[in-house]
Amino acid sequence: MTFKTLLLSMTLMSAIPAYSATKNLCDDMIASGKSSEESIKKCLAKLGESDTYKENQQKKKWQEEADAAKSSEEAARKANIESKKFTALELDEAGFGKAFYAIRVDYGNPRKPKEKRITEGDALCKYLGYEKSLKSIVSAEIMPQNANKNGLIVDTNFLGVVSKEPELYVDKDEKYTVRRYMEITCAKVKSKDVTGTAEELSKVTEDLIVLNQELNTPKKDETAGVNDGPRKPAGKTENGYKRPDWATQSPSQSVAK
């Protein structure tokens with residue numbers, strides 16, 4: 001019996017008027033919360049189980065079964081999600097020696113530069129054989145002359161369709177800086193037969209980390225800065241969806257074939 005079936009049974013049971021249910025002292029002792037389990041057992045042995053007691057026991061049993069079914073279904077959905085972290089080296093290999101560019105920065109207005117996501121995390125994950133981006137780390141800005149024709153993008157059209165193959169990034173006027181993917185963690189559903197897994201995975205938002213240290217200038221220190229400016233909190237949606245534990249745990253190291 002599934003969690004939904006048990007929940008329906010409990011709802012129907014609670015909707016039935018309890019006109020025939022009788023009570024005795026044992027029920028009052030249980031309701032008071034001030035009687036020991038041993039005292040209640042003695043009372044039941046003496047006065048017997050009332051209709052109210054039997055009904056409450058049945059509801060308790062159904063609730064326990066419903067909780068167990070829910071936990072089992074949640075565990076099955078979690079086990080049905082496969083994830084993998086792709087390192088910079090693995091991304092270079094997937095890009096035939098070229099980096100995947102994540103963001104383009106337009107300094108047409110120096111006081112208010114505009115950033116555009118030119119390769120969505122989900123798009124890159126789909127190219128890599130997965131479905132969803134859980135976490136991405138992107139580099140500091142790469143200067144235009146170093147970015148032009150030195151990286152790849154995976155396009156997503158206005159209908160949300162992801163290109164089956166990447167294309168060479170071209171900036172003929174060399175006017176934009178870009179940020180490349182340094183690391184990305186992707187996830188996918190292993191079996192379509194486990195109900196609810198795809199929906200659970202689709203709710204997770206990408207955790208995007210942006211490094212600040214410039215890649216094309218000498219290092220000022222050994223620690224790469226992290227962009228801690230205001231961004232949409234990872235793992236939250238408009239309806240307050242909480243990012244599940246599996247989306248933040250260490251992914252498996254298996255590689256999709």
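What accessible area per residue, rounded to a whole number of Å², is obtained for the range 47-187 using a probe radius of 1.4 Å?
54 Å²
Share of the range 51-165's accessible area from carbon and sulfur, percent, 1.4 Å?
Carbon plus sulfur share of accessible area: 48 percent.
Whole-Hz ³J(HN,Hα) for each residue in the range 131-141, computed from phi via Karplus 6.51 cos²θ - 1.76 cosθ + 1.60 with θ = phi - 60°, x for glycine and proline: what do you get?
10, 9, 8, 8, 8, 10, 10, 10, 6, 5, 5
Could you put E90, E115, E174 in order of accessible surface area, largest first, with the 1.4 Å probe and the full protein assembly present?
E115, E174, E90
Just subtract the alpha-carbon distance of W62 and E165 from 0.36 nm times their residue separation and send over the number in nm, one decimal.
Between W62 and E165, full extension yields 31.9 nm more.
So what is log10(I(q)/I(0)) for the range 39-168 at q = 0.13, 0.16, 0.18, 0.19 1/Å, when the Debye sum runs over its Cα atoms only?
Once normalised to I(0) and log-transformed, intensities are -0.71, -0.92, -1.04, -1.10.
Indicate, rounded to the nearest 5 percent, the antiparallel portion of the DSSP beta bridges found entirely in the range 87-215.
75 percent
Kirkwood Rh, the range 25-80, all Cα pairs: how many Å?
This gives a value of 13.3 Å.
At a probe radius of 1.4 Å, what is the per-residue accessible area of W246, in Å² to the nearest 10?
Only protein atoms counted, so the area is about 40 Å².
Long-range amide H contacts for A99: which residues qualify at under 5 Å (H placed 1.01 Å from N, peptide plane, sequence gap of 5 or more or a different chain)?
Excluding prolines and chain starts, which carry no amide H, the hits are L152.
Go through S83, S36, S163 and list them by solvent-accessible area, largest first, probe radius 1.4 Å.
Largest accessible area first, the list is S36, S163, S83.
Using the Karplus curve 6.51 cos²θ - 1.76 cosθ + 1.60 with θ = phi - 60°, work out ³J(HN,Hα) for each residue of the range 173-185 in order, rounded to whole Hz, and write x for Gly and Pro.
Listing the rounded values in order: 8, 6, 10, 10, 8, 9, 10, 9, 6, 9, 6, 8, 10 Hz.
Output ³J(HN,Hα) for the range 195-212: one whole-Hz value per residue in order, computed from phi by the Karplus curve 6.51 cos²θ - 1.76 cosθ + 1.60 with θ = phi - 60°, and x for Gly and Pro.
5, x, 5, 4, 5, 5, 5, 5, 6, 6, 9, 5, 8, 9, 10, 10, 7, 9
Compare R179, R104 by solvent-accessible area with a 1.4 Å probe and give them largest first, with all protein chains kept in place.
Values: R179 10, R104 60 Å².
Final ranking, largest accessible area leading: R104, R179.
Taking amide hydrogens as modeled 1.01 Å from N in the peptide plane, which residues meet the under 5 Å criterion relative to D155, leaving out close sequence neighbours?
Those qualifying (amide H under 5 Å, at least 5 residues apart or on another chain) are S163, E167.
If amide H atoms are built 1.01 Å from N in the plane of the peptide, which residues on other chains or at least 5 residues away come under 5 Å of the amide H of K132?
Under 5 Å from the amide H of K132: A187.
Quick check on my link table: of K60/K85; K114/K149; K98/K192; K84/K172; K135/K192, which ones sit more than 32 Å apart, alpha carbon to alpha carbon?
K60/K85; K98/K192; K84/K172
The values are calculated or read from the model by the stated rules, or taken from the named source; none is laboratory data. Here the structure is a predicted model, which means the values were calculated and not measured. These accessible areas exclude ligands, DNA and RNA; they are computed on the full protein's heavy atoms, side chains included. Shrake-Rupley method; radii C 1.70, N 1.55, O 1.52, S 1.80 Å.
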